[in-house]
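Let me begin by presenting the structure, written as structure tokens, before commenting on it.
Any read-out appearing in this document is the output of simple, stated calculations on the displayed coordinates, not a laboratory observation. Just so you know, these numbers come straight off a predicted model, no measurement behind them. Note that each Cβ is placed from the backbone with ideal geometry, even for glycine, and that neighbours are counted across all protein chains shown.
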Amino acid sequence: MSETIYRRMSDLPSTHLLGGGTAMCAGCGGLQALHQIYDVLGTKTVFVNAAGCMTLLSVYPFTPFRGSWLYTAMASAPAGAQGVRDALDILCDKGRLPRDEDLQVVTLTGDGAAYGMGLSATSGAIDRNLDFLYICYDNEGYGNTGQQSSPATPHGAHTATATGPAGHSGFKKDLFGIWVANRPAYVATVIGTEPLDLARKIEKAAKLSGPRLILALAPCPTGWDFDPQQAAEIGRLAVRTGIFPLKEYLDGRVVHTKVKRPRTPVEEYLRAQGRFQHLFEPERRQDVLDAIQARVDAYWEHWDPSH
Amino acid sequence: MTRRLLTGNGAAAWGARLADVDYVPAFPITPQTEIIEQLGAWIDAGELPARMVTLESEHSMLTAAGAAAATGVRVFTATSSQGLLYAMEMLYTVAGWRAPFVLVNVSRALAAPVTLETDHNDVLAARDTGFLQLHCATCQEVLDSVLLAYRLAEHPRVRLPAIVNLDGFTLSFTREPVEIPEPAVVRRFLPGFDPQSVRFRASEPVSQAVAVLGGTPYSYFRYEMHRATEQAIAAFEEVAADFERATGRRHAALETHRMNDAEIAFVMLGSFATKAVDAVDRLRESGVRAGLVRPRLVRPWPAAALRESLAGVRGVAVVDQNLSMGKGGILHAELASTLYGVPDAPVLTSFIGGLGGRNIAPEEFFQMASVTREAAQTGQAPEPRLLFTAQELREVRRLQGIALAERHETTHSGAERSAP
Amino acid sequence: MYRIRFHGRGGQGMKTASRILGSAFFAEGFEVQDAPSYGAERRGAPIFATVRAAHAPILERGPMPQPGLVIVADETLLPMAAGGGVLSGMGERAVLLLHSAVDANTWKQRLQLACRVLTLPLRLEETGGRGFVGALCAGAAARLVGIVSREALEGAIRQELAAMPAQVLAANLTQAGEAYDAMKKHAGCVCEAPEAPAPGAVDANWIDLPFEAAELSAPDIHGALTSIQVRTGLWRTLRPVIDPERCSRCHWLCGSLCPDAAISPEAEGLPVIDYEHCKGCLVCVAVCPRHAIESIPEAQAREQEASP
Ligand SMILES: Cc1ncc(C[n+]2csc(CCOP(=O)(O)OP(=O)(O)O)c2C)c(N)n1
Ligand code: SF4
Ligand code: SF4
Ligand code: SF4
Ligand SMILES: [Mg+2]
């Protein structure tokens, strides 16, 4: 694969393709990642969207896109991508569409769709080796309906459906691992607060074909309960504490693109968010904090054993 | 033009083949599966230049179908029963995209209890989705209706997806002589798909099927789907006339048999209506002026044609091969609303028959006729009736005897134990 | 019937305000309806909530086209001449209460309103970095309608905020009490807004919706970037301002990290904020390595812009 054109921050696009005026919350980490992704992907794209916060990006008659968009439903955006991709291929093959009119098909969903309701459709798309890029903005809950627990909700977090003293009892599902197990073309995690890492990964993903996942952690002031101004700091802490590993899978190998040594205690990340406050007051829940830290440590013990 | 024996499923596949479809998203379900198998075989043999893809569910299948149609290709897909219901969210959704394609539904009764045989609750559950609906009575009609449905769905004044419905088993697996039109004839009747403004391409950005905020735009978009469906009445006339010119076969929105001077009429959908044709002829022989009205178009609903053909009729036996729990027959309710307030409207009698593939015997048609004549005379319709015999109840009792044997025993011994 | 509409932003507690007032009315023996607006309730986005109260069962539902009292929690929702939905349906007998330090007459002139305009210049109590504008609005509304006692108000706050920590509840009670007191002079100025028009008085103005082909009547947008017509800049309560002296043109970290892509460099490389769309999240303020971006209250920025 050719070298990246994004070697340093100054190589990043400085004017932006995604239009303003959307209904996303002030400080939305998902939108932060999306606009950076869009800058790299460009406008020869059609976004196939599932129900979630980002459905309200395009509300009649307003769209922030320079390219195209199709809203489907919560469960089946990858199947929508299948239909669009197949139809574009058919049109090109039959000479009814000039090749330069072709589009990159991009599925855009939240974690609820990606980890849960839409996973069957994703699985099918991977089975069929569908040539599509799946962007999941992961705000770790059903954000659009008020942040109920989803299969991506982290252990201990308060959500609208987990309000007890220990928070959400489950553990975040490993969507990266599920994809990787099926040996797709590319899988990467990104976050809007690491724009260079993000741009390189999107650049790579865009050049490949086949099923590709970009999993973007999306710090969510509304659902995670923090001041919007903190959005960037929380994103950075997610990486510094190692709770959100930046990594990619390509050609059968997983590579971590940012390894922090030493890692900041995960507590700092948790403390910054209202959804974890019950782990600190009125009473410190050392058991839950330890469980969370232990998971992070075990992860890095596996991937970065010397540190 | 060749005439050969084809099953209803075979006829549906031929319809898709002649329509020169580009794309076939698929998922197996009895009694539909043969359709996609046949199309797959033609594609693999290079006889049909289309692409078929098997999705992981009907929900995804309908999503892919709508998405491909919205991208600008001609799409064919098929399902049945549980599959149609599993896709229900997407039926409503893709109809709103205003991207036309054809979905063949092979009617099969719904679980629970799960069964394989036919009735119409599946397709009627899709009544309000925004899909047009054409219902078939013969295998010939299945082939013809697929072609008619493409012209209708793609009509510039309509632009909605269409369901072509055929009954499981009685059509799907039943062979009948079918005339297969020449491809060139079909091509003149149904030229290649013109996606108009509904398509994706790099030089023309479009955001399709976007959200709305508030009841005003929502009301507008949904009511325009209704308006477009209404337009399909006139469009169907036009399309059916073209089809007759091309093939010599006439398919009206409303199929009638001996209605000219009819005193009583049967109204029903689907393949069992051919049994009613026979019953009508026999009734006529015995001096009863009977007739049959069979809506081929169910959406749009040919209300004006129904009122016209039932004018002067004194009693109508509505035979519903479906059941709306707590209300009764769906067709009965539709017809009652159609005739409400019409001067000298006929008395409607309601019969639920053919659920889960149960047969409707000739004597039952004759009995329905006499009940309806009596109702017309007294002006008083009897309670709706399930076509179900004493013999059938005995059969159920026999089954229950086996199914409940265990429970009888336990309750019995339990009673003994608790005795003082 | 009393008809009250609260306007604020997602996250400011307008739903809570409506519930407090609703519960207070209820405690006073009224039949009550309270409801938040629904739709895209995004933090920062304009939202509203309504309360109806009457002595007879309430049959009216849904939108409230003719309020007797409108309370605006955030004056930045009322940019010059563009009240948007905030002022809709305000007849001459209605009352508008603005949470603003600017005096009522100035607002009345700016907005060119015939109705009564009041302002509530109270500063917000801050506890744990949060103000309680919802409680403030509810307290003011309770006094303006004139028939809600302080006890009923406080009872309603305790009830609605039962799940809150004690100091948050206390702060809300104080805030509401101050607003209640501040409105003493105007107690009872809200009248029970007129009932629906008499039958036949107003035409429904229906039309027959004409058939339109799918080219026109599909929910599709044939075009790009139309969202820029939506001025999400109106969501802002704090405005980020870049100091060109301090800015090092650091390759526009602020521009990448601005969630709304509202920062782009001009020709000389100086980043420029698109105030039409900047939502005021202040992420840029937090990330600028040179601390070259500061935040000022939006109201103050607008005042400065308005004065030559
Ligand atoms: C079939 C179906 N069930 C439920 C919903 C309601 N719903 C809309 S968005 C949403 C949450 C989606 O969560 P996620 O995918 O994480 O996206 P987010 O809202 O967080 O952006 C839900 C449950 C729906 N649209 N469709
Ligand atoms: S709820 Fe969270 S993810 Fe959704 S728009 Fe708001 S900030 Fe973004
Ligand atoms: S981040 Fe700060 S220093 Fe860098 S361009 Fe923006 S304002 Fe200037
Ligand atoms: S405050 Fe800064 S980061 Fe937030 S929207 Fe405005 S310009 Fe962007
Ligand atoms: Mg989510």
Can you classify the stretch C:172-248 as rounded, prolate or oblate using the Cα gyration tensor, where a ≥ b ≥ c are the square roots of its eigenvalues, rounded means a/c under 1.5, and otherwise it's prolate if a/b beats b/c and oblate if not? oblate
Starting at the first residue of the stretch A:241-255, write each ³J(HN,Hα) from the Karplus equation 6.51 cos²θ - 1.76 cosθ + 1.60 with θ = phi - 60°, in whole Hz, x for Gly and Pro. 7, x, 6, 10, x, 8, 7, 9, 10, 8, 6, x, 10, 9, 10
Stretched fully, the stretch from B:ALA403 through B:ALA390 gains (0.36 nm per residue minus C-alpha distance, one decimal, in nm) 2.7 nm
In debye, nearest 20, what is the charge dipole magnitude of the protein assembly as shown about its Cα centre with +1 on Lys and Arg Cβ and -1 on Asp and Glu Cβ, if you could check? 720 debye
Kirkwood Rh and Cα-based Rg: tell me the resulting Rg over Rh for the protein assembly as shown, rounded to two decimals. 1.02
Could you pull out every residue, at least 5 positions away or on a different chain, whose amide H is within less than 5 Å of the one on A:THR45? Hs are placed 1.01 Å off N in the peptide plane, and Pro or chain starts have none. A:SER68, A:GLN104
One finds, for B:MET88 and B:TYR340 with R0 = 35 angstrom and r their Cβ-Cβ distance, a FRET efficiency to the nearest 0.05 of 0.75
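Please arrange B:ARG282, C:ARG239, B:ARG398 by how many other C-beta atoms lie within 10 Å of their C-beta, fewest to most. Write down the numbers at each step before the final one.
Working: B:ARG282 15, C:ARG239 21, B:ARG398 10.
Listing B:ARG282, C:ARG239, B:ARG398 from fewest to most nearby Cβ atoms yields B:ARG398, B:ARG282, C:ARG239.
Taking the Cα centre of the stretch A:9-303 as origin and charging only Cβ (+1 Lys, Arg; -1 Asp, Glu), how large is the dipole, in debye to the nearest 20? Each step should come with its number before you reach the end.
Working: 28 positive and 30 negative charges, 85 e Å.
So the magnitude is around 400 debye.
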Of chain A, which part is the longest with no chymotrypsin sites (Phe, Trp or Tyr not before Pro) in a loop (DSSP not H, G, I, E, B) and with at most 15 other C-beta atoms within 10 angstrom? A:1-170
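Quick check on the exposure proxy: order A:LYS44, C:LYS185 from fewest to most C-beta atoms within 10 angstrom. If you can, show how the numbers build up before the last one.
On the way: A:LYS44 17, C:LYS185 8.
Ascending number of Cβ neighbours within 10 Å: C:LYS185, A:LYS44.
About its Cα centre, how strong a charge dipole does the stretch A:7-145 have in debye, to the nearest 20, once Lys and Arg get +1 and Asp and Glu get -1 at the Cβ? All intermediate terms of the calculation are to be shown ahead of the outcome.
On the way: 9 positive and 13 negative charges, 51 e Å.
Dipole about the Cα centre, nearest 20: 240 debye.
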Checked against the positive end of the charge dipole of chain C (+1 on Cβ of Lys and Arg, -1 on Cβ of Asp and Glu, about the Cα centre), the farthest of C:ALA17, C:ILE273, C:PRO36 is C:ALA17
Projecting the Cα atoms of A:SER306, B:GLN82, C:THR226 onto the charge dipole of the protein assembly as shown, where Lys and Arg contribute +1 and Asp and Glu -1 at Cβ, the residue farthest towards the positive end is A:SER306
Report relative contact order for the stretch B:253-351 in percent, whole number only (criteria: Cα-Cα under 8 Å, sequence separation at least 6). 32 percent
Calculated FRET value between B:ALA184 and A:ASP93, using beta carbons and R₀ = 35 Å, to 0.05: 0.90
If you take the charge dipole of the stretch B:202-353 about its Cα centre, with +1 on Lys and Arg Cβ and -1 on Asp and Glu Cβ, which of B:LEU331, B:ALA228, B:VAL319 is farthest toward its positive end? B:VAL319
With the 8 Å Cα cutoff and a minimum separation of six or more residues, chain C has a relative contact order in percent of 16 percent
By how many degrees, between 0 and 90 and to the nearest 10, does the Cα long axis of helix A:77-93 differ from the longest principal axis of chain A? 20 degrees
Spin-label pair C:GLU245/B:ALA234, simplified geometry with 7 Å Cα→Cβ offset, distance in nm: 7.3 nm
Taking chain B as the reference, fit the longest principal axis to its C-alpha atoms, fit the long axis of helix B:8-18 to the helix C-alpha atoms, and give the angle between the two in degrees, 0 to 90, nearest 10. 10 degrees
Helix B:273-285 sits off the longest principal axis of the Cα atoms of chain B, rounded to the nearest 10 on a 0 to 90 degree scale, by 60 degrees
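Using Cα pairs closer than 8 Å and at least 6 residues apart in sequence, work out the relative contact order for chain B, in percent.
15 percent
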Here P(r) for the stretch B:2-247, Cα-Cα distances in 5 Å bins, as whole percents, is 1, 7, 14, 19, 21, 17, 12, 5, 2, 1, 0
